[in-house]
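As structure tokens, the structure follows; a few thoughts come after it.
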Amino acid sequence: FDAVDVIRTKRDGLVLSDAQIDWVIDAYTRGVVAHEQMSALAMAIWLNGMERPEIARWTQAMIASGERMDFSSLSKPTADKHSTGGVGDKITLPLAPLVAVFDVAVPQLSGRGLGHTGGTLDKLESIPGWRADLSNAEMLAQLEDLGAVICAAGAGLAPADKRLYALRDTTGTVESIPLIASSIMSKKIAEGTGSLVLDVKVGSGAFMKTLDDARELARTMVDLGTDAGVRTSALLTDMSTPLGLTAGNALEVRESVEVLAGGGPQDVVDLTVALAEEMLRLAGRPDADPRAALADGRAMDVWRRMIAAQGGDPDAPLPTARHTDVVTADADGVLDSLDAYAVGIAAWRLGAGRAKQGDPVQAGAGVELHAKPGEAVRAGQPLLTLHSDDEARFARAREALDGAVGIEPAAEGADASGASAGT
Ligand code: URA
């Protein structure tokens, strides 16, 4: 095969053959196909799309580029969740211990943040002592013992995707349904989970901005999982405004612990419970009551043991940023929008995220929300608190938030608290 022929095939809108796909993924993983060739092919896929059988073969080839994990030695079923990424999306933290309460093993292989979306591992690393890297044997032992593990995906899982994802990030080819679906599902199928619930985000803070695109992405991924023998389903959930009241590493851990203690913001609790119910249904526990396990402390018990098993101290105070800066409402009315993407960029600029792989993140940095869309606000009232170790970052974070807050004047004499806005 010749890389140029493969590129030309897709450039001309034709269907790649199985042999072409197998060859190009393998050759790219081995460094035989050059980055510039793969980026031309990724752009051709972005422009011309792929048919379902092509996406399935592409996914299989990415799985075959690395190792497959095997949880069949465990005494319990496995269930995993994957979110397509958002702002303030800390759901994995309360969800993994919550599902484990019901004797289902949750192998949550997670990543770090890049750009405006946060990373689960960065969040957990704000807990003093906690470590993300576990060997496969440690992971299996913890799954058998506690049922929940959140750790870094080893380098052996879908290495083709690691190369391709980094390339897409720098070539404007991330937002492609075939490329996103195959990227996510190759890792999840290689991980070997028995069931998988996909949380497909829609809105400004998500990769998919419209419901139609999100639905097509969800359908594509569910079909890929099902065809590979993984019980897979998807929820489409809103990412037009941040989830919960925090975006940032330690800030999100604090909020997750509130949820595990039976409190926390309603949207975080509701999404955690909805995803838990779906995971438990797929794993054969349809009668489990996850809301009760949040209320009575069982999920918190698993969380504490899970953190301690990975070297963390669940009782240690979480780091806080050295400086804060408060953004206030500029008018009376009803908050009708608080843009997720802008808040994500602000949190990133404050130091919660990294500009390139390998940069350090600040544990305490981020954005705290004091109101959510639909709530009445008064001029001068605090809307957001920005947190950073570095005061010089506040100006750039405020720039990112320019135009991100929409306040509708309340109608004369109306009860603002009764007004409704899209949340
Ligand atoms: N997450 C992934 O793992 N891959 C994508 O392409 C997008 C989100």
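Values in this text are rule-based calculations from the coordinates and carry no lab data. On a predicted model such as this, the values are computed, not experimentally measured, just so you know. Glycine gets a Cβ as well: all are built from the backbone with ideal geometry, and neighbour counts include every protein chain shown.
So the values come out like this:
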item	result
Value of relative contact order over the chain, rounded to a whole percent, pairs C-alpha under 8 Å and six or more apart	19
Principal-axis tilt of helix 35-48 within the chain, Cα atoms, nearest 10 degrees	70
Spread of Cα-to-Cα distances over 10 Å intervals beginning at zero, given as percent, for segment 161-278	12, 35, 38, 14, 0
Protection proxy ranking, peptides 183-194, 255-266, average beta carbon neighbours within 10 Å, highest first	183-194, 255-266
Per residue convex hull volume, Cα atoms of segment 323-418, in Å³	86
Burial ranking of peptide ranges 36-47, 350-361 (average Cβ count within 10 Å, highest at the top)	36-47, 350-361
Order by protection proxy (mean Cβ within 10 Å, highest first), peptides 333-344, 292-303	333-344, 292-303
Selected from GLY118, TRP130, ALA152, residue furthest toward positive end of dipole (segment 113-167; charges at beta carbon)	GLY118
Dipole magnitude (debye, nearest 20) for segment 270-402, charges at Cβ of Lys, Arg, Asp, Glu	400
Kirkwood hydrodynamic radius of segment 50-133, Cα pairs, Å	15.4
Dimensions (Å) - segment 3-49, Cα atoms, principal axes, largest first	26, 21, 14
Positive dipole terminus of the chain, leading residue within ILE25, ALA283, LEU167 (C-beta point charges)	ILE25
Fewest-first ranking of ASP80, ASP12, using other Cβ atoms within 10 Å as the exposure measure	ASP12, ASP80
Too-long pairs where the Cα-Cα distance tops 24 Å, listed order kept, from LYS90/LYS188; LYS76/LYS123; LYS81/LYS372; LYS187/LYS372	LYS76/LYS123; LYS81/LYS372; LYS187/LYS372
Efficiency of FRET from Cβ geometry, LEU14 and THR210, R₀ 22 Å, rounded to 0.05	0.20
Highest-MSF residue in the chain out of LEU384, LEU121, LEU14 [GNM, Cα springs under 10 Å]	LEU14
Positive-end residue, segment 323-418 charge dipole about Cα centroid, Cβ charges, pick of THR324, VAL377, GLY403	THR324
Exposure proxy ranking, count of Cβ atoms within 10 Å, fewest first, for PHE102, PHE394, PHE1	PHE1, PHE394, PHE102
Lys, Arg +1 and Asp, Glu -1 on Cβ, resulting dipole of the chain about Cα centre, debye, nearest 20	820
